[in-house]
Every structure is written in structure tokens, then in C-alpha cells.
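The values are calculated or read from the model by the stated rules, or taken from the named source; none is laboratory data. If you're wondering where the values come from, they're calculated on a predicted model, not measured in any experiment. Here Cβ is always computed from backbone atoms with ideal geometry, including for glycine, and neighbour counts include all displayed protein chains.
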Amino acid sequence: MDYNQFFKSALNRLHDERRYRVFADLERIAGRFPHATWHSPKGQRNVVIWCSNDYLGMGQHPKVVGAMVETATRVGTGAGGTRNIAGTHHPLVQLEAELADLHGKEASLLFTSGYVSNQTGISTLAKLIPNCLILSDALNHNSMIEGVRQAGCERQIFRHNDTAHLEELLIAVGPDRPKLIVCESLYSMDGDVAPLGKICDLAETYGAMTYVDEVHAVGMYGPRGGGIAERDGVMHRIDILEGTLAKAFGCLGGYIAGKASVIDAVRSYAPGFIFTTALPPAICSAATAAIRHLKASSWERERHQDRAARTKAILTAAGLPVMSSDTHIVPLFVGDPEKCKRASDLLLEEHGIYIQPINYPTVAKGTERLRITPSPYHEDGLIDALAEALLQVWDQLGLPLTKKPLAAE
Ligand SMILES: *Cc1c(COP(=O)(O)O)cnc(C)c1O
């Protein structure tokens with residue numbers, strides 16, 4: 001048996017479909033966000049990153065870096081084991097209290113990533129609810145789909161952000177069966193937002209529990225960075241909020257927040273929590289510093305929205321096909337996997353601009369795109385240079401513009 005051949009042909013299938021992924025070898029430069037060094041095949045080059053999920057640059061914030069260094073120096077690196085084996089280290093206790101407070105909930109529980117929190121959180125919750133039916137948004141993230149799958153209970157998919165469809169399904173189930181509605185607050189490939197208020201209304205009317213992934217919103221929306229639910233005034237109506245420490249908070253880790261009994265039950269039953277080592281204390285301290293800073297400071301949030309709005313305006317004025325988005329995400333339509341990859345390569349090689357191509361299966365075939373994420377630190381000059389570079393690339397690849405560019409040379 002030639003086992004190696006199986007793997008080679010699996011890779012060949014990806015090459016054939018033009019979705020074999022290549023990662024750029026990058027080194028970020030603390031204090032110079034969004035600038036980074038690209039270790040290219042031809043040597044080191046300076047590049048500007050336009051696709052980071054460290055949305056607010058908090059991964060380089062002096063308070064956050066300082067907290068990580070200080071804690072590692074004081075208590076060492078690793079957590080020393082699972083919490084069942086090694087106990088809970090103090091910075092983690094502080095972080096969980098900070099997260100519960102951020103979301104106005106009784107308790108929170110930390111996992112090693114947002115992915116794990118969804119996968120093990122959703123499956124554990126649904127398994128503990130007898131005869132649970134999960135109602136899941138069609139565009140939910142893979143980590144939620146895996147959580148729903150592992151729950152092993154019946155599930156129904158409602159059309160993306162379609163509350164009329166969700167209501168139909170809720171009516172059909174009847175009032176007696178326990179139901180868990182699972183959705184995101186901000187969908188990060190299109191930048192659209194869920195109607196959380198309406199979803200809460202339905203959940204209350206039809207007696208469902210709600211689980212909302214706020215991964216792309218925590219730190220960035222709401223007066224204290226509590227997310228879209230905080231912004232929309234519905235945080236107290238959502239049963240379980242899930243978030244990450246790896247995006248706007250610039251660190252690593254995921255969590256759920258909710259009622260003490262719910263969180264304690266997940267803590268007690270979730271294999272993805274019980275059987276894996278806790279996050280290191282230094283990471284927890286750094287995340288706490290980021291959350292505390294963003295609770296008190298709105299500068300990053302306001303500047304972030306301002307930069308995203310300016311990027312959309314400049315690219316749109318240049319005739320580039322900016323897809324409509326209600327948030328800080330700026331998706332640029334390409335519609336072809338090969339050209340999407342080529343556009344990304346040309347931007348990096350010829351313009352020192354890094355934007356990872358977004359192809360199937362992350363988005364549907366035919367909707368391939370460049371997903372641009374401006375940060376508070378993308379100055380006007382960088383936005384103008386991005387527009388110029390994109391126009392050149394669009395021209396080179398024969399990609400259509402929505403109108404004649406205003407500032408064509
Ligand atoms: C990134 C992401 C996650 C996973 O979070 P990590 O902390 O990176 O594991 C979960 N849900 C959504 C919607 C995401 O985009």
C-alpha cells in the first residue's frame with residue numbers, strides 16, 4: 001500500500017481546484033502596526049498588512065505586551081496542566097471575572113481558543129438539554145457547525161439572518177420541545193450583522209435558549225467593547241455569549257459567558273475544557289489588560305470605524321467592487337479563485353501589500369474576494385496607496401471596475 005500517494009493526491013485535488021493554500025512568512029514589528037517584515041523567497045521586505053484580525057492592534061499595545069512580560073517574569077510560562085489536575089492560576093480567575101463583567105453575566109468560562117469554546121460549548125450545552133433541537137444560521141462558522149454536529153441532537157438550519165424563516169421553524173417545533181438558537185452577531189466574510197433584538201424576541205415568544213458568537217465584535221462594538229449585543233442593548237437577553245481573546249483583544253483564547261448554573265455545568269461536563277491544559281497566566285494577564293483598556297477607551301473603536309469608512313469610500317470612488325458591509329469589514333469582490341490568488345500575490349510582490357485571498361470553502365464558490373480589515377493605524381497615505389495598487393492589479397488581471405476610476409493616470 002502506497003500511503004504517501006493518498007496524501008499527494010489529496011493535495012493535487014486542491015491544486016486542481018486552485019485552493020491550495022500558501023501562507024506568507026511574516027514578522028510583525030511591535031509598535032509599527034500595521035507594518036511587518038515579509039521573509040520572501042528573495043529576502044526580507046517591508047510590507048503593510050491589510051487583513052489582520054488583530055483588528056485594533058491590541059496585540060502590540062504597550063499595556064498588553066507589558067502585562068504579558070510582567071506576568072511571565074513573575075510566575076513563569078505554562079499553566080502546568082488542566083485545571084482539574086493543576087488548579088486554576090490566579091490571572092485566569094481574574095480574566096474570567098473581567099469577561100463576566102464585560103458581558104454583564106454571572107460567570108464566564110475560558111477555553112484555549114474561540115474554536116474550542118464553540119465546538120465544546122455548543123455540544124455540551126445541547127447534550128445537557130433533553131431532546132434539544134438546535135436552530136442554526138446557515139452561515140455559521142465551522143467551529144459552531146462542529147459543535148452542533150458533536151451535540152448529536154436534531155438540528156435545523158435557518159436561512160442567513162432570516163428571522164421569518166427562523167419563526168416558521170420555531171412555530172413548527174411547538175412550544176414544548178427545548179430549543180437552542182445558535183448564531184453569530186457579526187459575520188466576518190460579508191461584514192453583516194444579525195438582527196439580535198428580533199432573535200431575542202422570537203426566543204422569548206417561543207421559549208428558546210440563545211447562543212451568540214460575538215468573536216468579530218467584542219472589543220469593537222458597544223460602549224465598553226461588549227460587542228453588538230451591548231451596542232444594541234440586548235446583552236441581558238442573550239443566554240450565552242461566546243467570544244475570542246485572539247482578535248480585537250490581540251491574544252489567544254476563547255470563552256463563554258452566561259448564568260452561573262449554565263457555565264458551571266459546561267465546566268463540569270465539557271471534554272474540550274476538562275481534558276486540556278489551561279491557557280498560560282501571561283496570556284490571561286495580557287488579555288485582561290486588553291479588555292480593561294478597551295472598556296475604558298473608545299478611541300480605538302471610533303478610529304477603527306473611521307478608517308473602515310474611509311477605506312470603503314476611497315475604494316468605491318476608485319471604481320473598485322466593494323461589497324456592501326455594515327461594519328469594519330471591507331470585502332472586495334473578485335469572483336474567481338485563480339484571479340483572487342493572483343491579485344493577492346501581485347499585491348504582495350509588487351506593492352508590499354498583504355491581503356490573503358478568501359476562496360472556497362471559506363466563502364461560496366463564485367464569491368471569492370479580498371477581505372480588507374483596516375485598523376486604527378491605517379493612515380490616509382496607506383489607504384490611498386492601497387487604492388492605487390488595487391487599480392493596477394485590477395487592470396493587470398482584467399478584472400472589471402464598477403465605473404471609470406476618478407484618479408486614473
Ligand atoms: C475566528 C473565529 C472563531 C474562532 O476563534 P479563535 O479564537 O480564532 O479560535 C470562532 N467563530 C468565528 C465566527 C470566528 O471567525
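Things to note:
- Which listed residue is touching a residue at least 12 places away in the same chain (Cβ under 8 Å) and in contact with a helix residue (DSSP H, G or I) (Cβ under 6 Å, 6 or more places away or on another chain), from GLU204, GLU167, GLU184, GLU214: GLU167
- Boolean, LEU56 is crowded, with 17+ Cβ neighbours inside 10 Å, in contact with a Ser or Thr (Cβ under 9 Å, 6 or more places away or on another chain) and within 30 Å of ARG371 (Cα to Cα): yes
- Given (1) part of a loop (DSSP other than H, G, I, E, B); (2) within 16 Å of the ligand (Cβ to nearest atom); (3) not acidic (Asp, Glu), index of the condition PRO130 fails: (2)
- Matching residues, region 140-184, being within 16 Å of the ligand (Cβ to nearest atom) and in contact with a Lys or Arg (Cβ under 9 Å, 6 or more places away or on another chain): VAL148, ARG149, GLN150, VAL182
- Single residue of region 338-388 satisfying the filter (among the hydroxyl-bearing types (Ser, Thr, Tyr) and modelled with pLDDT of 95 or more) that is nearest to the chain's Cα centre (by Cα): THR373
- Residues within region 230-272 that are away from the ligand (no atom under 14 Å from the Cβ) and either within 23 Å of GLY78 (Cα to Cα) or at pLDDT below 95 (or both), tallied: 4
- Among (1) in a helix (DSSP H, G or I); (2) buried (at least 18 other Cβ atoms within 10 Å of the Cβ); (3) polar (S, T, N, Q) - the single one SER375 does not satisfy: (1)
- Listed conditions (1) within 16 Å of the ligand (Cβ to nearest atom); (2) closer than 11 Å to HIS103 by Cα are all met by GLY222, apart from (1).
- Residue within region 10-27 that is surrounded by 15 or more Cβ atoms within 10 Å (Cβ to Cβ), in contact with a strand residue (DSSP E or B) (Cβ under 6 Å, 6 or more places away or on another chain), without any contact (Cβ under 8 Å) to a residue 60 or more places away in the chain and not in a helix (DSSP H, G or I) present: no
- Flag if ALA203 is within 16 Å of the ligand (Cβ to nearest atom) and touching a Ser or Thr at 6+ places or on another chain (Cβ under 7 Å): no
- TYR211, sole failed condition from (1) of a type outside the set (A, V, I, L, M, F, W, C); (2) closer than 28 Å to PHE273 by Cα; (3) in a helix (DSSP H, G or I): (3)
- Flag if PRO271 is more than 22 Å from the chain's Cα centre (by Cα) and surrounded by fewer than 24 Cβ atoms within 10 Å (Cβ to Cβ): yes
- Only residues that are small (Gly, Ala, Ser) and buried (at least 23 other Cβ atoms within 10 Å of the Cβ) were counted across region 284-331, and they come to 7.
- Being more than 20 Å from CYS251 (Cα to Cα), at pLDDT 95 or above and not charged (D, E, K, R) holds for only one residue in LEU135, LEU110, LEU92, LEU99, and it is LEU135.
- Residue match in region 107-118 (condition: within 24 Å of GLY226 (Cβ to Cβ) and away from the ligand (no atom under 16 Å from the Cβ)): yes
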